[in-house]
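This report concerns only the one structure given below.
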Amino acid sequence: MNYPIELGPIRPVDEADSLLIRTTRNCPWNRCEFCVNYQGERFSVRSVQEIKNDIDTAAHYFNGHPFTSCFLQDGDSLIMKTGDLLEILDYLKKRFPTLITISSYGRAWSISRKSLEELQEICSAGLNMLYCGMESGSAAVLETMKKGVTPREIISAGIQAKQAGIFLSEFVISGLGGTRHWQEHASSTALALNEINPDKIRVLTIGVKNGSGLEKKLLAGEYCLQTEENIIEEQKLMLKNLNGVTSHYAHHHGIDLLIEVRGKLPEEKDRLLSILDRFLNLPENEKLNFILGRRLGLYNCLNDLRDTGRYDAVEEQFRKLKLTRRDELETLFHSLRAKVV
């Protein structure tokens, strides 16, 4: 199906069924070492009239489809002038009156440059959910990854968004600290999340993309990838240190090894930790079998290990690969992980 309006390249996993309206093009920062989504592209804000035209076209195209959610692309709609954004939100709700949630990515810097009153007005006008890529609560990791923001700025922006009544989803990237900073990355990120208490915590796993700044660091020996097992140990450390939060916590992307780790905190914390422990306590042969099976798309969850047909299919892949050293296997696991979009 050809979508007859201008669209950006990405959206959050949670917005799979949402109406997509592009308000800005690309990312206003576009310097993060791990990201290639907007590489070589210039950022621009679309005009109010352009956006309204797309809203009109979408309304005609979908012909009364009762969308309940809309995601505003691309990397940061909050950078728009408040008056322009309010005008767009008002028009969007008139053309799609069934909308309940309107969401956008929002960098901590963009959140902070709006006053609390502006954010409250934006929320009341309909933009009531923000996805914020905190990635890490570690100052060292944020600096190394060129996020352009400090832990304190991330925390302050998150708190302000929640004070404005905005539903907040914070993204964390497991493995971003590499072997050098993994413990600090886990512990400091947990501390930051404890202060913010976002509505959602979404945990992704690092996959070093071709052409990224992080790939250059990796090849130069300035960054070392953790093993799949160590990344799960990192996730366990972070989860154990989450205290006082009432967030919904989830591994929810195809790049995540244990996609079943999802639930409400604090009541389901022990259950989530038990899933991580179950993986960590697997016999070595089953652990490797699960990792490869998951990375090849043959497994969805740990219980799939009980499927002898799938288990044997993964073992056959091991025989074909003829890889015996653990470092060779970890390189393979990462290469498969890095291909996940």
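For the range 95-111, which residues satisfy the criterion of being surrounded by fewer than 24 Cβ atoms within 10 Å (Cβ to Cβ) and part of a loop (DSSP other than H, G, I, E, B)?
Across the range 95-111, the qualifying residues are Phe96, Pro97, Thr98, Leu99, Ile100.
Could you tell me whether any residue of the range 198-205 is over 11 Å from Met238 (Cβ atoms), surrounded by 24 or more Cβ atoms within 10 Å (Cβ to Cβ), in contact with a Lys or Arg (Cβ under 9 Å, 6 or more places away or on another chain) and of a type outside the set (S, T, N, Q)?
Yes: the range 198-205 contains one or more residues that are over 11 Å from Met238 (Cβ atoms), surrounded by 24 or more Cβ atoms within 10 Å (Cβ to Cβ), in contact with a Lys or Arg (Cβ under 9 Å, 6 or more places away or on another chain) and of a type outside the set (S, T, N, Q).
Is one or more of the residues making up the range 73-81 assigned to a strand (DSSP E or B), more than 30 Å from Leu225 (Cα to Cα) and assigned by TED's automatic domain parsing to the domain that holds Gly211?
yes
Taking the condition more than 27 Å from Val208 (Cβ to Cβ), surrounded by 17 or more Cβ atoms within 10 Å (Cβ to Cβ) and under 25 Å from the mean Cα position of the chain (by Cα), does Leu265 pass?
Here the answer is yes, as Leu265 does meet what is asked.
Across the range 14-48, what is the total count of residues that are surrounded by 15 or more Cβ atoms within 10 Å (Cβ to Cβ), out of contact with any Lys or Arg (no Cβ under 9 Å at 6 or more places or on another chain) and among the charged types (D, E, K, R)?
1
Residue-by-condition table, conditions (1) outside any strand (DSSP E or B); (2) under 17 Å from the mean Cα position of the chain (by Cα); (3) among the small types (Gly, Ala, Ser); (4) over 30 Å from Gly177 (Cβ atoms):
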position: Pro4; (1), (2), (3), (4): yes, no, no, yes
position: Cys27; (1), (2), (3), (4): yes, yes, no, no
position: Glu33; (1), (2), (3), (4): yes, yes, no, no
position: Tyr38; (1), (2), (3), (4): yes, yes, no, no
position: Glu41; (1), (2), (3), (4): yes, no, no, no
position: Lys52; (1), (2), (3), (4): yes, no, no, yes
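Considering Glu233, Glu184, Glu222, which residue is out of contact with any Ser or Thr (no Cβ under 6 Å at 6 or more places or on another chain) and farther than 18 Å from Asp270 by Cα?
When all the criteria are applied, what remains is Glu222.
One residue is enough: does the range 300-310 have a residue meeting the conditions outside the structural domain of Gly207 (by TED's automatic domain parsing), touching a residue at least 24 places away in the same chain (Cβ under 8 Å), part of a loop (DSSP other than H, G, I, E, B) and hydrophobic (A, V, I, L, M, F, W, C)? Walk me through how you get there before you give the answer.
Quick first cut of the range 300-310, residues outside the structural domain of Gly207 (by TED's automatic domain parsing) only: 300-310.
Pick out the ones that are also touching a residue at least 24 places away in the same chain (Cβ under 8 Å) and you get 300-302.
Applying the additional criterion that residues be part of a loop (DSSP other than H, G, I, E, B) yields 300-301.
Next cut, hydrophobic (A, V, I, L, M, F, W, C) only: 301.
For the range 300-310, residues outside the structural domain of Gly207 (by TED's automatic domain parsing), touching a residue at least 24 places away in the same chain (Cβ under 8 Å), part of a loop (DSSP other than H, G, I, E, B) and hydrophobic (A, V, I, L, M, F, W, C): present.
Those residues that are exposed (fewer than 14 other Cβ atoms within 10 Å of the Cβ) and in a helix (DSSP H, G or I), I need them from the range 323-341; list them, please.
The answer is Arg326, Asp327, Glu328, Thr331, Ser335.
Does Leu85 fit the bill of being at negative phi and in contact with a Cys (Cβ under 7 Å, 6 or more places away or on another chain)?
Values: at negative phi: yes; in contact with a Cys (Cβ under 7 Å, 6 or more places away or on another chain): no.
Considered against the rule, which asks whether it is at negative phi and in contact with a Cys (Cβ under 7 Å, 6 or more places away or on another chain), Leu85 comes out as no.
So Leu92 fits all but one of (1) part of a helix (DSSP H, G or I); (2) surrounded by fewer than 16 Cβ atoms within 10 Å (Cβ to Cβ); (3) not charged (D, E, K, R); what number is the exception?
Here Leu92 clears every test but (2).
Take the residues in the range 133-163 that are surrounded by 22 or more Cβ atoms within 10 Å (Cβ to Cβ) and of a type in the set (Gly, Ala, Ser); name whichever of them is farthest from Thr101 (Cα to Cα).
For the range 133-163, the residue satisfying everything is Ser138.
Could you tell me whether the range 205-223 includes any residue that is touching a strand residue (DSSP E or B) at 6+ places or on another chain (Cβ under 9 Å), assigned by TED's automatic domain parsing to the domain that holds Gly175, of a type outside the set (Phe, Trp, Tyr) and modelled with pLDDT of 95 or more? Steps first, please.
Filtering the range 205-223 for residues touching a strand residue (DSSP E or B) at 6+ places or on another chain (Cβ under 9 Å) gives 205-206.
Among the residues that remain, those that are also assigned by TED's automatic domain parsing to the domain that holds Gly175 are: 205-206.
Of the ones still in play, those that are also of a type outside the set (Phe, Trp, Tyr) are 205-206.
Going one step further and asking which of them are modelled with pLDDT of 95 or more, we end up with 205-206.
Yes, because at least one residue in the range 205-223 is touching a strand residue (DSSP E or B) at 6+ places or on another chain (Cβ under 9 Å), assigned by TED's automatic domain parsing to the domain that holds Gly175, of a type outside the set (Phe, Trp, Tyr) and modelled with pLDDT of 95 or more.
The values are calculated or read from the model by the stated rules, or taken from the named source; none is laboratory data. Everything numeric here is computed off the predicted structure, so don't read it as measured data. A quick note on method: Cβ atoms are made from the backbone with ideal geometry, for glycine too, and the neighbour counts reach across all protein chains shown.
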